[in-house]
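So the structure is just underneath, and the comments pick up after that.
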Amino acid sequence: DMSLGIQCLLADNFKVALEYAQELDELNRDRKLIEASMQQEAEKQFAAFSQSELDAQSSGVCLHQKDWHQGVIGILASRIKDKMHRPTIIFADTDNGELKGSGRSIPGVHLRDVLDEIASANPGLIEKFGGHAMAAGLSLAPQNLDDFKHAFNAIVAKHLTEDIIDPIILSDGELPETFLTLDFANYLKAQGPWGQHFPEPLFHGTFRIVNQRIVGEKHLKLVLSRETNSNQVFDAIAFNIDTSEWPNPDAREVRVAYHVDVNYYRGEEKVQLMVVDVTSESC
């Protein structure tokens, strides 16, 4: 329900706005807890799958659990899609007896077109659907879920090619250390906004790890330098990392793909690397 956020933005009294903001913050904290719990349950489902079930979802992933929250299934679909690198739809029960699905896709697979193909080939299977290339929603009768899973996997498989199946990160190249400055970071920010078909510049490089730690439960905070004895260090953060792999006390260097950003903290501006991918280079 977006009304609380709108009331916060429209409030002309600081005290009232603060109360709305605090309520929104509490809701967001609850959402994070629900999301984390749902992701753990989704991963348990995968761990319990038989080989035949894994084969049935080798191209397109569909997961359902009765008590999953409708308001979080889109976020969960995005998390599973990132982890599996497969188009993913997450279903939850609704009050009217239908299943509500929220899907996220990967580059190269147009999710709304996939649903359209399924609906055309299987009249009555999907109650309704809509969306675009990277995200879509739909509703199903519960008894149609298994048939939809098979149809979704089969249609997605038609669109998957080798260059789509293997995730590829396209880099603009290695950025010279002399460009890792506030001036350059602010220059890049001024060239936006970025979006589909106009992506934010992405760079890659190998850095020495000065420090690494987890913040906010599953975000990796790094302090990096380019040279072993360099006095210049850079803050970097990788969101939603696999905490079974990081922090890695044996890692001395990392190869990262990153965006250059500006971090504002207590009135101070610093260059921050927004890490898209991180790989240990040496142990």
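The values are calculated or read from the model by the stated rules, or taken from the named source; none is laboratory data. In this text the structure is predicted, and so the values were computed from the model without any measurement. Cβ placement follows ideal geometry from the backbone for every residue including glycine, while neighbour counts extend to all protein chains displayed. These area figures cover heavy atoms from the full protein model, side chains too; ligands, DNA and RNA do not enter into them. Shrake-Rupley method; radii C 1.70, N 1.55, O 1.52, S 1.80 Å.
Considering (1) open to solvent by less than 20 Å² (accessible area, probe 1.4 Å); (2) under 29 Å from Tyr258 (Cα atoms); (3) polar (S, T, N, Q), the lone condition that Ser171 does not fulfil carries the number (1).
Screening the candidates Ala77, Ala47 for the property of being open to solvent by 10 Å² or more (accessible area, probe 1.4 Å) and not aromatic (Phe, Trp, Tyr) yields one hit, Ala47. For region 127-152, a residue qualifies if it is closer than 19 Å to Val109 by Cα and either of a type in the set (Ser, Thr, Tyr) or without any contact (Cβ under 8 Å) to a residue 24 or more places away in the chain (or both), and the qualifying residues are Phe129, Gly130, His132. Determine whether region 120-135 contains at least one residue that is in a helix (DSSP H, G or I) and either over 22 Å from Leu63 (Cα atoms) or among the small types (Gly, Ala, Ser) (or both). Yes, because at least one residue in region 120-135 is in a helix (DSSP H, G or I) and either over 22 Å from Leu63 (Cα atoms) or among the small types (Gly, Ala, Ser) (or both). Here region 103-119 is the region considered, the condition is being aliphatic (A, V, I, L, M) and either at positive phi or in a helix (DSSP H, G or I) (or both), and the residue that is surrounded by the most Cβ atoms within 10 Å (Cβ to Cβ) is Leu111.
Condition check for Asp172 on (1) of a type in the set (Asp, Glu); (2) over 26 Å from Asp82 (Cα atoms); (3) in contact with a strand residue (DSSP E or B) (Cβ under 8 Å, 6 or more places away or on another chain); (4) modelled with pLDDT of 90 or more: one failure, at (2).
Scoring Ser230 on the criteria (1) at pLDDT 90 or above; (2) open to solvent by 20 Å² or more (accessible area, probe 1.4 Å); (3) farther than 30 Å from Ser37 by Cβ leaves a single failure, condition (1). Going by the structure shown, is Ile90 crowded, with 19+ Cβ neighbours inside 10 Å, in contact with a strand residue (DSSP E or B) (Cβ under 7 Å, 6 or more places away or on another chain) and touching a residue at least 24 places away in the same chain (Cβ under 8 Å)? Considered against the rule, which asks whether it is crowded, with 19+ Cβ neighbours inside 10 Å, in contact with a strand residue (DSSP E or B) (Cβ under 7 Å, 6 or more places away or on another chain) and touching a residue at least 24 places away in the same chain (Cβ under 8 Å), Ile90 comes out as yes. Are any of the residues in region 11-23 outside any helix (DSSP H, G or I) and open to solvent by less than 100 Å² (accessible area, probe 1.4 Å)? Yes: one or more hits.
Would you say Ala47 is touching a residue at least 12 places away in the same chain (Cβ under 8 Å), part of a helix (DSSP H, G or I) and of a type in the set (A, V, I, L, M)? When the stated conditions are applied, Ala47 does not pass them.
Just one of the listed residues (Leu202, Leu180) is closer than 22 Å to Phe234 by Cα, surrounded by 14 or more Cβ atoms within 10 Å (Cβ to Cβ), of a type in the set (A, V, I, L, M, F, W, C) and more than 19 Å from the chain's Cα centre (by Cα), and it is Leu180. Answer yes or no as to whether Lys100 is in contact with an Asp or Glu (Cβ under 9 Å, 6 or more places away or on another chain), open to solvent by 60 Å² or more (accessible area, probe 1.4 Å), in a loop (DSSP other than H, G, I, E, B) and touching a residue at least 24 places away in the same chain (Cβ under 8 Å). Against the criterion (in contact with an Asp or Glu (Cβ under 9 Å, 6 or more places away or on another chain), open to solvent by 60 Å² or more (accessible area, probe 1.4 Å), in a loop (DSSP other than H, G, I, E, B) and touching a residue at least 24 places away in the same chain (Cβ under 8 Å)), Lys100 does not qualify. So is Phe239 in contact with a His (Cβ under 6 Å, 6 or more places away or on another chain), closer than 23 Å to Tyr265 by Cα and surrounded by fewer than 17 Cβ atoms within 10 Å (Cβ to Cβ) or not? In short, yes.
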